[in-house]
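Here the structure comes first, spelled out in structure tokens, and everything after it is commentary.
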Amino acid sequence: MHDVPQLHVMDYVGPAVGGVVFVLLMSLVREPARRRFNAAFVAGASGVYLSGGFGPWELLYPALTLPVVYLALGSYRFIGIAWLMHSAWDVVHHFWGNPIWPFMPTSSFGCMIFDALIAIWFLAGAPSIFAVASRGPRGSSPSNAADHAPSPP
């Protein structure tokens, strides 16, 4: 067990901004490459804590995530679940293990915030933010919104 580092405002804001930037950048990637890339990305993330302070117990987490990341190849929901699992592992490391970046004691906490935020996006189906923004209110695109307006008498 190690001393839990004191958190500051940027320990919250920085990862949140990073999560927004991640979603914006991933929104630029077309399907199905977006889903496939992110399934591979979360699979790789399951191994970042190996040698993270829990000895052989560190092997448990990648073993638990393996079936989830396999299912993530075909489902954003499972990508989101895998990121939530990683976020929970970040909490364990923040309080009891080694930080993900040894030179930054609060890095596991920041990773927890980042992972949880992007998990929400994946659980929502990882929609392109740009496509959502261009649809306008209630999912209709601005170009066809007038098509549904009532005709003048």
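None of the figures in this text is laboratory data; all of them are computed from the coordinates on show. Predicted, not measured: the structure shown is a model, and the values here were computed from it. Positions of Cβ are generated from backbone atoms using ideal geometry, with glycine treated the same way; all protein chains shown enter the neighbour counts.
Assorted remarks:
- Selection count where residues are surrounded by 15 or more Cβ atoms within 10 Å (Cβ to Cβ) and over 19 Å from Ala116 (Cα atoms), scope the stretch 27-48: 1
- In the stretch 99-110, the residue that is surrounded by the most Cβ atoms within 10 Å (Cβ to Cβ) out of those that are in a helix (DSSP H, G or I) and of a type in the set (Ser, Thr, Tyr) is Ser108.
- Top-ranked residue of the stretch 67-98 - restricted to ones that are without any contact (Cβ under 8 Å) to a residue 60 or more places away in the chain and farther than 28 Å from Pro127 by Cα, ranked as surrounded by the most Cβ atoms within 10 Å (Cβ to Cβ): His93
- Residues in the stretch 49-97 that are part of a loop (DSSP other than H, G, I, E, B) and within 18 Å of Phe114 (Cα to Cα): Tyr49 alone.
- Cross-chain or 6+ apart pairs with Cβ under 6 Å, the stretch 41-56 first and of a type in the set (Gly, Ala, Ser), then surrounded by fewer than 19 Cβ atoms within 10 Å (Cβ to Cβ): Ser46/Pro62; Gly47/Pro62; Gly52/Glu58; Gly52/Asn98; Gly53/Asn98
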